[in-house]
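Structure first, commentary second.
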4 protein chains.
Amino acid sequence: MDQVIQRLRRFRDERNWQQFHNSKDLAMALSIEAGELLEAFLWKSPEDADPEKVKEELADVFAYALLLSDAYNFDLEKIILEKIDKNEAKYPVNKAKGTAKKYNEL
Amino acid sequence: MDQVIQRLRRFRDERNWQQFHNSKDLAMALSIEAGELLEAFLWKSPEDADPEKVKEELADVFAYALLLSDAYNFDLEKIILEKIDKNEAKYPVNKAKGTAKKYNEL
Amino acid sequence: MDQVIQRLRRFRDERNWQQFHNSKDLAMALSIEAGELLEAFLWKSPEDADPEKVKEELADVFAYALLLSDAYNFDLEKIILEKIDKNEAKYPVNKAKGTAKKYNEL
Amino acid sequence: MDQVIQRLRRFRDERNWQQFHNSKDLAMALSIEAGELLEAFLWKSPEDADPEKVKEELADVFAYALLLSDAYNFDLEKIILEKIDKNEAKYPVNKAKGTAKKYNEL
């Protein structure tokens with residue numbers, strides 16, 4: 001993933017865009033792209049979404065998520081694994097198995 | 001990132017959650033988490049956001065984005081690099097440099 | 001607002017769209033439009049957003065919010081006023097005055 | 001709806017919150033609440049969403065949409081009716097009837 005992050009940085013810097021990329025606007029951009037991804041599924045059953053559209057919008061989501069992570073110097077794999085650890089505690093298998101309830105309703 | 005995806009799958013399967021994880025609901029979950037990430041920046045200047053909250057919500061965004069990508073069997077790095085290629089064409093350096101305009105306004 | 005809701009219903013029914021308008025997809029449509037509204041403010045200070053774009057996207061947000069409210073037969077003014085009552089209790093003036101903290105941090 | 005807007009203004013002003021309510025953050029707050037509304041439908045069929053949760057989150061969406069509209073001095077009914085006029089042109093009945101396609105695919 002390091003190579004991808006480097007290309008994202010280069011794409012940004014060649015255009016002199018870092019001036020716009022504060023963390024708040026990056027989080028907004030990510031949320032906007034998540035909405036565009038959602039649009040691929042609107043008024044449809046899941047299997048009728050166009051995989052090409054899903055692919056492109058999901059790539060945009062990843063791009064902004066990686067730029068935001070990079071802005072904070074997060075170790076990407078580490079923060080995800082730590083969050084899974086937390087979720088293991090919030091959703092113990094014996095309570096959460098087979099139910100979609102939120103942790104505070106288990 | 002493969003190890004992370006494997007842990008996400010195991011977390012899901014131990015809880016028997018794949019039944020809920022159709023692509024439409026995964027895209028919804030991603031969008032909901034993007035909203036929670038946005039909340040870390042609400043009513044604040046970017047530098048006043050709590051990095052701990054940003055870290056946790058961004059990890060959730062990545063988790064659902066990875067699960068969705070996995071559901072489609074996408075090659076994650078490849079789809080991001082392909083999207084950057086497309087954006088290189090949409091935002092040529094000589095037109096896009098230093099401006100935050102959308103490609104259709106350049 | 002009743003006249004507006006009636007026009008929204010007629011617009012929908014002339015196109016035979018009620019078949020797509022289940023509450024889950026209406027909530028998704030509302031979220032997608034909220035993302036498009038957000039885009040009017042991306043990479044900008046608030047006063048640089050184009051009021052025409054804000055107007056159009058906000059109108060779309062209202063349209064789906066009204067259709068969703070109508071699908072549940074909510075009394076629109078009543079549910080907003082009731083929520084303000086709840087928020088009065090969650091954010092007592094003496095604690096919340098002048099601070100943007102969330103109720104659980106007050 | 002005027003009475004509702006007046007109560008929203010009073011709620012805000014008693015807490016001295018107008019300082020936080022610039023249009024960009026209001027649009028963010030609206031988007032965040034739209035995400036919370038979406039959560040009422042996550043991993044569920046539409047009819048299994050809790051109407052109480054839908055009611056509360058939809059009320060929050062309306063509250064921020066009204067505050068944003070108020071910040072721009074929009075005539076709320078007028079902007080929605082004008083947008084329906086535009087959509088009548090974008091989605092002519094003879095082309096759009098019975099299909100969920102986007103206007104640019106009709």
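Among the residues of region C:36-48 satisfying the criterion of being surrounded by 20 or more Cβ atoms within 10 Å (Cβ to Cβ) and among the hydrophobic types (A, V, I, L, M, F, W, C), which is farthest from the other protein chains (Cβ to nearest Cβ)? Once the filter is applied, the top-ranked residue is C:Ala40.
Look at (1) facing chain C (nearest Cβ under 8 Å); (2) more than 20 Å from the chain's Cα centre (by Cα); (3) of a type in the set (Phe, Trp, Tyr) and you find that D:Tyr103 fails only one, number (1).
Taken over region C:62-81, residues that are acidic (Asp, Glu), more than 7 Å from chain D (Cβ to nearest Cβ) and part of a helix (DSSP H, G or I) amount to 1. For region C:49-61, taking the residues that are more than 7 Å from chain D (Cβ to nearest Cβ) and surrounded by fewer than 18 Cβ atoms within 10 Å (Cβ to Cβ), the one that is nearest to B:Lys101 (Cα to Cα) is identified as C:Asp50. Being over 20 Å from C:Ala40 (Cα atoms) and within 16 Å of the chain's Cα centre (by Cα): is that true of D:Asp60 here? Considered against the rule, which asks whether it is over 20 Å from C:Ala40 (Cα atoms) and within 16 Å of the chain's Cα centre (by Cα), D:Asp60 comes out as yes. Of all residues in region C:37-61, those satisfying the criterion of being part of a helix (DSSP H, G or I), within 18 Å of D:Phe74 (Cα to Cα) and touching a residue at least 12 places away in the same chain (Cβ under 8 Å) are C:Leu37, C:Lys53, C:Val54, C:Glu57, C:Leu58, C:Asp60, C:Val61. Under the condition of being closer than 19 Å to D:His21 by Cβ and in contact (Cβ under 8 Å) with a residue 40 or more places away in the chain, the residues counted in region C:63-106 number 0. Just checking, which of B:Lys95, B:Lys90, B:Lys24, B:Lys102 is at pLDDT below 95 and within 20 Å of C:Ile32 (Cβ to Cβ)? Criteria check complete, one pass: B:Lys102.
Would you call C:Ala89 part of a helix (DSSP H, G or I) and surrounded by 15 or more Cβ atoms within 10 Å (Cβ to Cβ)? No: the conditions fail for C:Ala89. Tell me, please, whether a residue that is surrounded by fewer than 21 Cβ atoms within 10 Å (Cβ to Cβ) and within 26 Å of C:Phe41 (Cβ to Cβ) can be found in region B:12-35. No, every residue in region B:12-35 fails to be surrounded by fewer than 21 Cβ atoms within 10 Å (Cβ to Cβ) and within 26 Å of C:Phe41 (Cβ to Cβ). Does at least one position in region D:3-24 carry a residue that is hydroxyl-bearing (Ser, Thr, Tyr) and either in a loop (DSSP other than H, G, I, E, B) or more than 7 Å from every other protein chain (Cβ to nearest Cβ) (or both)? Checking region D:3-24: not a single residue is hydroxyl-bearing (Ser, Thr, Tyr) and either in a loop (DSSP other than H, G, I, E, B) or more than 7 Å from every other protein chain (Cβ to nearest Cβ) (or both).
The values are calculated or read from the model by the stated rules, or taken from the named source; none is laboratory data. Computed from a predicted model, the values in this text were never measured in an experiment. All Cβ positions, glycine included, derive from the backbone under ideal geometry; neighbour counts span all protein chains shown.
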